[in-house]
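J.: Sending over a structure as structure tokens; questions will come in a sec.
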Amino acid sequence: MPLDEGRVITDGRLRMEYYTSATSDGNRQQDSMLLEYGLRNFLSFKEGATVNFRLDANVPPRISLDLPAATVMCIKGANGSGKTHLLKGLAFLASFASSSFSTDPDADIPVAPFFSSPEASAFFAEFQVADTRYRYELDVHASGVAREALYKASKRRTLVFERTADGVRAIARLKALETMKVRRNASVVSAAYHHQIDELLPVHTFFKNIHFNVGSSGTRESLFMDLHKVAQLLSEHDDVRGYVEQFLQDCDIGITRLQISSEEGSDGQRRFFPVFIHEVDGQPCAVMPATESAGTKQIFRLMLPIAAVVASGSVLILDELDLYLHPHLLPRLLGLFLQTKAPGDPIAQLLFSTHHSEVMDLCGRYRTTFVNKDNNQSYAYRLDEIPGDLLRNDRSLVAPYNDRKIGGVPRL
Amino acid sequence: MSKFGNAGKDRFLAGFPAVSLEAADSDHPARCKFNFSYFTYDPAGQRFSDWPQDKLAGLFDKLAHYGKYSLDHWKQQPIGKTGRVLSIYGGFPVRSEFKPPKHVPHQAQWGRFRLDWAGRLCGFVVPRELDGKPHPQGGRFCANTFYVVFLDEHHRFHKGAL
């Protein structure tokens with residue numbers, strides 16, 4: 001079946017293109033990767049923080065997969081250190097860049113500066129789409145955008161547009177941006193999408209395809225943590241239901257089949273829900289969500305966005321990946337993102353937080369970022385930024401972590 | 001600092017040790033060790049408690065300095081007109097006011113560190129041929145360790161030697 005039918009299974013691999021209304025507009029992204037993002041004056045980060053996915057020539061190929069950036073990034077830190085805030089920064093940026101045009105015209109921008117600081121919160125993301133690298137910058141108050149800019153680089157970096165209090169100035173072929181009406185609480189990128197200015201489409205699509213399970217203060221809520229919405233989507237995409245069912249079977253949690261059922265609610269709407277089929281003494285036994293294990297339901301929820309992102313090659317942000325899950329399942333989940341890619345394969349990236357320590361050894365120092373807090377201010381560092389040979393590629397990260405030598409642990 | 005820099009991060013990363021035991025340029029294995037488990041009192045010498053605090057402090061300052069290099073290094077370092085910081089004689093000195101203690105192994109290679117004009121730190125090292133060899137009870141012999149046996153404030157351990 002051709003791709004434009006939305007979903008096919010080719011060579012045993014899922015080729016679902018899009019799975020939500022948010023991505024059902026047919027804009028298939030070219031190969032894209034998030035290279036780095038950063039934030040400042042946002043939630044517990046008074047000063048700056050960056051999450052760097054880039055991998056240089058020093059990184060062994062078994063880790064880099066011969067890609068310029070990591071396909072997984074583990075965020076670790078003590079409770080209250082700011083892990084979730086670091087994830088929320090990217091969720092906010094993605095949400096604001098792609099969807100702010102559709103928000104209430106009178107609404108404040110749902111950005112949360114460090115302890116109500118009057119300064120603008122600042123964000124950036126660097127990413128590549130095909131052979132072009134982009135840098136998107138945003139300085140924003142709740143009352144409106146202070147600055148928004150996009151740079152583009154194939155060979156040399158050029159400013160595509162810059163929006164300030166004085167308006168928008170743009171390169172010659174995007175002069176339409178200078179006359180386009182943009183509300184104070186909406187991004188140029190999202191407005192350009194609605195005005196069908198195709199030059200910014202790769203940027204809009206990149207941000208729109210970032211999915212997350214952390215609230216970004218309400219600008220674009222994730223669908224996939226709602227069991228019923230997940231069930232409804234799976235009922236519409238049998239290939240994805242099969243993919244999720246296969247993963248549930250592989251996890252040795254006693255599931256032999258995943259069935260999606262529905263009933264009519266009191267409001268007349270159909271309500272979808274999963275039915276987990278276990279086999280007992282050779283007989284199928286149906287277990288409803290109310291009595292199914294929390295871990296099984298969590299895998300059920302996670303697999304939809306994972307399947308979608310792996311198939312389409314975009315970015316997934318998962319806070320507390322290990323919630324309800326046995327630690328042995330985590331390598332299996334991460335393995336979906338760590339497979340070697342053939343040229344032209346979609347490249348999916350997973351940014352996740354966890355308290356599970358052994359995952360660090362799976363990710364290694366190039367793909368693990370710690371968040372610490374000092375004087376109630378968060379800061380972040382990738383483990384390969386730690387100087388010297390305290391951390392080495394051929395040794396476990398867990399021992400120095402447990403010895404409290406590399407941070408990321410509570411001061412008890 | 002750049003816009004997305006962080007002073008807390010910079011402080012944290014700057015606090016990591018700048019050196020490593022495993023670094024190619026580490027001199028850790030070459031640094032000599034001092035062991036005091038064979039220390040004993042001889043009427044010709046002194047107990048630690050006989051030395052005033054400032055003299056003991058001077059001794060430990062010297063030990064801290066000597067510990068930065070190997071015993072072979074100190075055997076080469078000149079001191080005075082013709083002496084060396086560390087001299088290894090071999091057998092127990094014949095012209096000595098000290099008596100050979102029975103708890104020191106017969107293989108001991110006796111010698112002394114010079115502390116000041118007359119002060120000496122006397123003891124022994126294991127023979128070179130045992131260096132690195134395993135012991136049946138575990139561990140390995142180390143010829144880069146100086147086993148301190150006597151405090152010799154008045155140069156009575158090896159009379160006539162420098």
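Nothing in this text is a laboratory measurement; each read-out follows from the coordinates by a stated rule. Source: prediction; values computed, not measured. Virtual Cβ from ideal backbone geometry, glycine too; neighbours counted across all protein chains shown.
J.: Quick check on the exposure proxy: order A:319, A:131, B:131 from fewest to most C-beta atoms within 10 angstrom.
T.: By the 10 Å Cβ count, ascending, the order reads A:131, B:131, A:319.
J.: Also: As a footprinting exposure proxy, order A:140, A:145 by other Cβ within 10 Å, with the fewest listed first.
T.: By the 10 Å Cβ count, ascending: A:145, A:140.
J.: A follow-up question, please. Only Cα pairs within less than 10 Å get springs; with that Gaussian network setup on chain A, which residue of A:265, A:144, A:335 has the largest fluctuation?
T.: A:265
J.: Let me ask something additional. Take every Cα pair under 8 Å in chain A that's 6+ residues apart, average their separations, divide by the length, and report that relative contact order as a whole percent.
T.: 22 percent
J.: Would you mind telling me which residue in B:15, B:138, B:119 has the biggest mean-square fluctuation in a Gaussian network model of chain B, where springs connect alpha carbons within a distance under 10 angstrom?
T.: Comparing B:15, B:138, B:119 in the GNM, the peak value goes to B:15.
J.: Only sites in a loop by DSSP and with at most 10 other Cβ atoms within 10 Å count here; which trypsin sites (Lys or Arg not before Pro) in the range A:378-412 make the cut?
T.: The qualifying sites are A:411.
J.: To the nearest 10 degrees, how steeply does helix B:53-66 sit against the main Cα axis of chain B, on a 0 to 90 scale?
T.: The angle comes out near 70 degrees.
J.: Then there's this: I need the chymotrypsin sites (Phe, Trp or Tyr not before Pro) found in the range B:112-151, filtered to DSSP loop residues with at most 11 other beta carbons within 10 Å of theirs.
T.: Answer by residue number: B:117.
J.: Measure out, as a whole number of angstrom, how far apart the alpha-carbon centroids of the range B:33-55 and the range B:81-105 sit.
T.: 15 Å
J.: Here's another thing I want to ask about it. Using 1/(1 + (r/R0)^6) with R0 = 45 angstrom and r between the beta carbons of residue A:402 and residue A:262, what's the FRET efficiency to the nearest 0.05? The partial results should precede the final answer.
T.: Values: r = 48 Å, r/R0 = 1.07.
That pair, residue A:402 with residue A:262, gives E of 0.40.
J.: With no other cysteine's Cβ closer than 4.7 Å, which Cys residues of chain A count as lacking a disulfide-compatible partner?
T.: A:251, A:285
J.: I would also like to ask the following. In the range B:120-162, which trypsin sites (Lys or Arg not before Pro) fall in coil by DSSP and have 15 or fewer other Cβ atoms within 10 Å? Mind showing how you got there, number by number?
T.: Working: sites: B:120, B:128, B:140, B:156, B:159; in loops: B:156, B:159.
Here the trypsin sites (Lys or Arg not before Pro) that fit, given the DSSP loop and packing criteria, are B:159.
J.: Give me, ordered by chain and number, the residues 5 or more places off residue B:84 or on other chains with an amide H under 5 Å from its own placed amide H.
T.: When sequence neighbours closer than 5 places are left aside, the close amide H contacts are B:79.
J.: Next question. Direction-averaged shadow area of the convex hull around the Cα atoms of the range B:5-162, nm²?
T.: The Cα convex hull of the range B:5-162, projected and averaged over all directions, gives 13.7 nm².
J.: Could you work out the relative contact order of the range A:316-412? I mean the mean sequence separation of Cα pairs under 8 Å and 6+ apart, divided by the number of residues, in percent.
T.: Relative contact order of the range A:316-412: 23 percent.
J.: Further, regarding this structure: To the nearest 0.05, what FRET efficiency results for residue B:61 and residue A:179 with a Förster distance of 51 Å applied to their C-beta separation?
T.: For residue B:61 and residue A:179, the calculated efficiency is 0.05.
J.: Which helices, counted as full DSSP H runs in chain A, have an axial Cα extent of no less than 15 Å and a Kyte-Doolittle average of 0.5 or above?
T.: Both cut-offs are met by A:83-99, A:294-312.
J.: If each residue's Cβ is checked for other Cβ atoms within 10 Å, how do B:65, A:278, A:211, A:237 rank with the fewest at the top? Don't skip to the end; give the middle numbers.
T.: Details: B:65 11, A:278 16, A:211 26, A:237 21.
Lowest to highest Cβ neighbour count: B:65, A:278, A:237, A:211.
J.: Under the Karplus relation 6.51 cos²θ - 1.76 cosθ + 1.60, θ = phi - 60°, what is the ordered set of whole-Hz ³J(HN,Hα) values for the range A:153-167, x standing for Gly and Pro?
T.: 9, 9, 10, 10, 7, 10, 7, 7, 8, 9, 10, 10, 4, 7, x
J.: Mean residue ellipticity at 222 nm from the helices of chain B, using -39,500 (n - 2.57) per DSSP H segment of n ≥ 4 over the full residue count, to the nearest 500 deg cm²/dmol?
T.: Details: 3 runs with 28 residues, N = 162.
Calculated mean residue ellipticity at 222 nm is -5000 deg cm²/dmol.
J.: Between residue B:133 and residue A:376, what's the calculated FRET efficiency when r is the beta-carbon distance and R0 is 60 Å? Round to 0.05. Write out the running numbers ahead of the final one.
T.: Numbers: r = 57 Å, r/R0 = 0.95.
Here the calculated transfer efficiency is 0.60.
J.: How charged is the neighbourhood of residue B:70? Take every other residue with its Cβ under 14 Å from the Cβ of residue B:70, and add Lys/Arg as +1 and Asp/Glu as -1.
T.: +3
J.: Please compute the average number of Cβ atoms from other chains found within 10 Å of each residue's Cβ in peptide B:17-25.
T.: On the way: counts 4, 2, 2, 5, 1, 4, 2, 1, 0.
The mean count of partner-chain Cβ atoms within 10 Å per residue comes to 2.
J.: Let me ask another. Under a crude label model (7 Å from the Cα following the beta-carbon direction), how far is residue A:228 from residue B:102 in nanometres?
T.: 9.3 nm
J.: Now for a different question. Provide a whole-number value for the mean count of partner chain Cβ atoms within 10 Å of the Cβ atoms in peptide A:381-389.
T.: Average neighbour count from other chains, rounded to a whole number: 4.
J.: Provide, as a two-decimal number, the C-alpha radius of gyration of the protein assembly as shown over 2.2 N^0.38 Å, N being how many residues it has. Write out the running numbers ahead of the final one.
T.: Working: Rg = 34.1 Å, N = 574, 2.2 N^0.38 = 24.6 Å.
The protein assembly as shown yields a ratio of 1.39.
J.: OK, next. May I ask you to derive the relative contact order of the range B:5-162, considering only C-alpha pairs under 8 Å and at least 6 residues apart, and to give it as an integer percent?
T.: Relative contact order, the range B:5-162: 28 percent.
J.: Quick one: in the range A:66-178, what % of C-alpha pairs are over 24 Å apart? Before the final figure, lay out the partial values.
T.: Details: 2300 of 6328 pairs.
Considering the range A:66-178, 36 percent of its Cα-Cα pairs are separated by more than 24 Å.
J.: Moving to a separate point now. Under the rule of at least 5 residues apart or a separate chain, name every residue whose amide H is placed under 5 Å from the amide H of residue A:35.
T.: It is A:126, A:127, A:128, by chain and number.
J.: Calculate the mean, over all residues of peptide A:44-51, of how many other protein chain Cβ atoms lie within 10 angstrom of the residue's Cβ.
T.: Mean inter-chain Cβ contacts per residue within 10 Å come to 4.
J.: Quick check on the range A:137-275: of the DSSP beta bridges with both residues there, what percent are antiparallel, nearest 5%?
T.: Here the share of antiparallel DSSP bridges comes out near 100 percent.
J.: Which residues' amide hydrogens lie under 5 Å from the amide hydrogen of residue A:45, considering only partners 5 or more residues apart or on another chain, with H built in the peptide plane?
T.: For residue A:45, whose amide H was placed from the backbone, the distant partners under 5 Å are A:378.
J.: Give me log10 I(q)/I(0) at q = 0.19 Å⁻¹ for the range A:293-354, Debye formula, one equal scatterer per alpha-carbon, no solvent.
T.: Result of the Debye calculation: -0.69.
J.: Local charge sum around residue A:341 (other residues, Cβ-Cβ under 11 Å, Lys/Arg +1, Asp/Glu -1)?
T.: Values: positive: none; negative: A:31, A:66, A:345.
Neighbour charge sum, excluding residue A:341 itself: -3.
J.: Scan chain A and hand back the longest stretch that contains none of the GluC sites (Glu not before Pro) lying in DSSP loops with at most 16 other Cβ atoms within 10 Å.
T.: Counting only loop sites that pass the neighbour cut-off, the longest clear stretch is A:222-357.
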